[in-house]
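> What follows is a structure written as structure tokens; I'll ask about it next.
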Amino acid sequence: QVQLVETGGGLVQPGGSLRLSCAASGFTFSNFDMKWYRQAPGNERDLVATITTAGRSTNYADSVKGRFTISRDNAQNTVYLQMNSLKPEDTAVYFCNADRTTWILGALRRYTYWGQGTQVTVSS
């Protein structure tokens, strides 16, 4: 079955760094764009970063540009989020997402899978 398992969250001081990992299984990882979202208490789930299938293109939310880096290893079926210069406002549950839209039998189909999330807390 499809699984996305995030690891690497935790408590870090402002200005510190964390590296999140998301290990995928049960689907063809290299066919999917991979994304990181985050959700703080009382807030909606927001898109943080996206990386395309071969890793040639990345996009970031304005709030994390220059501080976060998304990358992927298709041989290891894993996507990463390197987070530097962390701020208290980065505190949230971070979710890994796999997303693919494709034509099947003349119909546009979207496949999207979610991990269970990992807590990141930035506090002194």
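The values are calculated or read from the model by the stated rules, or taken from the named source; none is laboratory data. Since the structure is predicted, the reported quantities are computational estimates derived from the model, not experimental observations. Methodologically, a virtual Cβ is constructed for each residue, glycine included, from the backbone with ideal geometry; neighbour enumeration extends over all protein chains shown. Please note that ligands, DNA and RNA were not included when accessible areas were found on the heavy atoms of the full protein model with its side chains. Shrake-Rupley method; radii C 1.70, N 1.55, O 1.52, S 1.80 Å.
> Given the protein chains as shown and a 1.4 Å probe, how many square angstrom of residue 51 are accessible, to the nearest 10?
0
> Could you give me the ³J(HN,Hα) list for segment 25-42, computed from phi with Karplus coefficients 6.51, -1.76, 1.60 and θ = phi - 60°, whole Hz, x at Gly and Pro?
For segment 25-42, the Karplus-derived couplings read 7, x, 7, 7, 3, 5, 8, 10, 5, 10, 9, 10, 10, 9, 9, 8, x, x Hz, x marking Gly and Pro.
> Sort 101, 91 by accessible area with a 1.4 Å probe, largest first.
Details: 101 80, 91 40 Å².
Of 101, 91, the descending order of accessible area is 101, 91.
> How high is the relative contact order of segment 22-124, in percent, with contacts defined as C-alpha pairs under 8 Å that are six or more residues apart? Numbers along the way, then the final one.
Working: 189 pairs, mean separation 28.1, N = 103.
Relative contact order of segment 22-124: 27 percent.
> What part of the accessible area of the chain, given as a whole %, is carbon or sulfur when the probe is 1.4 angstrom?
Values: 3030 of 6720 Å².
Roughly 45 percent of what the probe reaches on the chain is carbon or sulfur.
> In addition: Just read off the accessible area of residue 33 with the full protein assembly in place, 1.4 Å probe, to the nearest 10 Å².
50
> Rounded to the nearest 20 Debye, what is the dipole magnitude of segment 17-72 about its Cα centre when Lys and Arg each give +1 and Asp and Glu each give -1 at the C-beta? Show your work: numbers first, answer last.
On the way: 8 positive and 4 negative charges, 40 e Å.
So the dipole magnitude of segment 17-72 works out to roughly 200 debye.
> Ranked from the most accessible area to the least, with a 1.4 Å probe and all protein chains present, what is the order of 38, 56, 45? Walk me through the intermediate numbers first.
Details: 38 35, 56 215, 45 90 Å².
If we order 38, 56, 45 from most to least accessible, we get 56, 45, 38.
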